[in-house]
1. By average Cβ neighbour count within 10 Å, what is the ranking of 211-219, 554-562 from highest down?
2. Which residue, 436, 358, 479, has the largest displacement toward the positive end of the dipole of the stretch 331-484 when charges sit on each Cβ (Lys, Arg +1; Asp, Glu -1)?
3. Order 391-402, 49-60 from most to least packed using the mean count of other Cβ atoms within 10 Å.
4. Residues of the stretch 460-614: accessible area per residue at 1.4 Å, in Å²?
5. Short version: ³J(HN,Hα) in whole Hz for each residue of the stretch 375-381, in order, from phi by Karplus 6.51 cos²θ - 1.76 cosθ + 1.60 (θ = phi - 60°), x for Gly and Pro, what are they?
6. Going by Cα centres, the stretch 394-411 and the stretch 623-665 are how many Å apart?
7. Return a whole-number percent for the relative contact order of the stretch 83-208, with Cα pairs under 8 Å and 6 or more residues apart as the contact set.
Amino acid sequence: LAELMSGSVSKWAVCPIKDSADLAELDSHLGVEDAAFEDFQKEAYKTWTGFKEEIPGEKCVEASEVLGRVAGFESAKACEINELHADHVEKYTDDATGKPEEFVCPLRPPLPADEQLQVLSESRGQCFLRMTGRQEQQYGWHYMGHFPARRQNDRKANLPKAEYELVRLMKVPGGGAEAEVNLGRFCSLEELNSNPRFCILPKIHNEWSTLAGFAGSLARSLTAVVEKIGDDPDDIEATAPLEIGATAVSAAIRSYQGKLENESSWADKAKQGLKTAAIVLTEKSWDNLRGARRLARSTAHWAKDKVKGELTGAGRMTAELEERLFSHNSAGEVLHSLSFQHSIGENGHSSNSKERFQRFVVSYPCPNFDPASEFAARKRWGRIALRMLSEAYHMHKHKTPDVLGRPSLELSMRGDALRFKKVNRKTVDNFYKTGASMLWKDATRAKADKDNTCQWEGSSCVPAHQCRITGFRPFRDCVPTPWWQSPQSGGWWPISDTQLVGVVAPQKTTGRSVKLDDLYGLEMSLHCAPKKAFGPRGPPELPDSPASLLDCLTQGVETNARMKAREPWKLYFPEEIVVVASFKEIDQRFCARSKAGKTDQGIRWELCRSQRAKESKAPLAHLIDEEGEPHGDHSGDGKYMGAASGAGWPKATLEEVVLSPQDVL
């Protein structure tokens, strides 16, 4: 009896009925079956049938079982969250027009939006396909949860498209449909399938060996960017990535902590009791990431005092990157944007059974997507790439062509160290002075439009990248730097940008604790082209290279703006012009010994042999004068013994970073 009744069709009796009525005809005209009652009977008889009610969204099947074979969805799954019936529980006719209302209603009351999203968020390593607000508007998939008197569900199909984006549910609090949900935005499914290079975070080299190092890098990425909004010194505003919530930050820390714990190299350290210290954060570190210190670092006046020499447009770039990776909305709107539906026809259980619609979400594996970590890495290395470009431009802007005048650009940057020995009556002090140098590889093919003429502009000696002040008031002179001829002839030059120096060399108050292993070196190449021209790796493949980077950049700003204005709901444009900055390590170290250093075998081992460095004066010549002594006043540093240059990947180097043309311009 239970098997017979479970899932059977149930109808309400309508009385009175005339004796002469045609019951078959009556049945065909009346919507009398109660589909909800039919469904609930399955649960009522579960003691005898073994029926198990499933939580909506927990059971997922291959997307092909729901959508058929649709290109791009081969790795996706469809998870049903509800079944809706047309004209449920009865038809409704608009009195004004006399036309039937085209609507569907859930067979069963759905889970509240926040609870349904919590169920979905428990799917580890999964992203969900989502329609952006503009896509909902374009395809007529409107959320009516804010207007309960209006029709809530349209009788129409809303099929998933590859042009929609994949998102990760970061934080789903309770509180009903109005609770704010935080999302991490991964990529459109179309772009992930067509060119994953622009979706997946590139490889990171020489990763942080401690959780504190990673947390410090993450905290620095959350610091506000200051921009001038007026002429007064206090007319400033701060752009801080406050959309990156504590949940996303905590998830990034947990992920990196798990990575350190799982690394095989930690097995030996664990035996020595070192592992715990490397994977635990102090209270101060947590405060920088989530507490009051993070809020303080987000204020304009804090950043004005602490962060010097920020790039023009840095606030805009931070905001755009944050918008690219993060979003938030109410639980009701988020669930609606994740929901799709299609008709599954009538069940045929009665002569007037109704059209049914299956509502589902689409999941897609994204186990390595960590939006907070990605934000930190992309922000940091985007700034480094632009700072390197700015440094090279200002050093060579008097040349034709300048650094943007060729189809591509190659720059090198490395750490340098000068070794000193200071003998006192009681002890001998050995220490280093560190710095950094850069090289434009094509500089020898560019000709200077004019000689380096240093002059006063008020109290400043300009151009600042090429000139310096010597002497004391009132007998000061504005003269070229002593190393000026090196970049003029295509060689290296020392840089003063402390944020760049800190990438490849330690910045310590004392040189006694400096290790030559902490001197790094990297090369950067810059290419500008449409996305579709870039393969999985390497430079773009173009039938005709652009005349210059500058031409590509200026054309890209206009081309991209036109494309996005024409189809504002689209996320992926194969013809979109982007700039890719690729990094690789310098693999050769150099060393040079002074006359005094050549008499000390310990210096040869320390600077050269222990580092497998090639002994050569030429790569370090821009640091040394004609007398074999380092440029500048080192009278209090002791005897100069030699110099060394860095090599190898800097800490946590991103293999490449993608920039927009306006970022570079």
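The values are calculated or read from the model by the stated rules, or taken from the named source; none is laboratory data. Only a predicted model underlies this, so the values are computations on that prediction, with no experimental measurement involved. Ideal geometry is used to build each Cβ from the backbone, glycine not excepted, and the neighbour counts take in all protein chains shown. When the accessible area is computed, the model is the full protein with side chains, heavy atoms only, and any ligands, DNA or RNA have been set aside. Shrake-Rupley method; radii C 1.70, N 1.55, O 1.52, S 1.80 Å.
1. The densest-packed peptide leads the list: 211-219, 554-562.
2. Sorting the options by dipole projection puts first 479.
3. Most protected by this proxy first, the peptides run 391-402, 49-60.
4. 55 Å²
5. 4, 4, 5, 5, 5, 4, 7
6. 20 Å
7. It rounds to 22 percent for the stretch 83-208.
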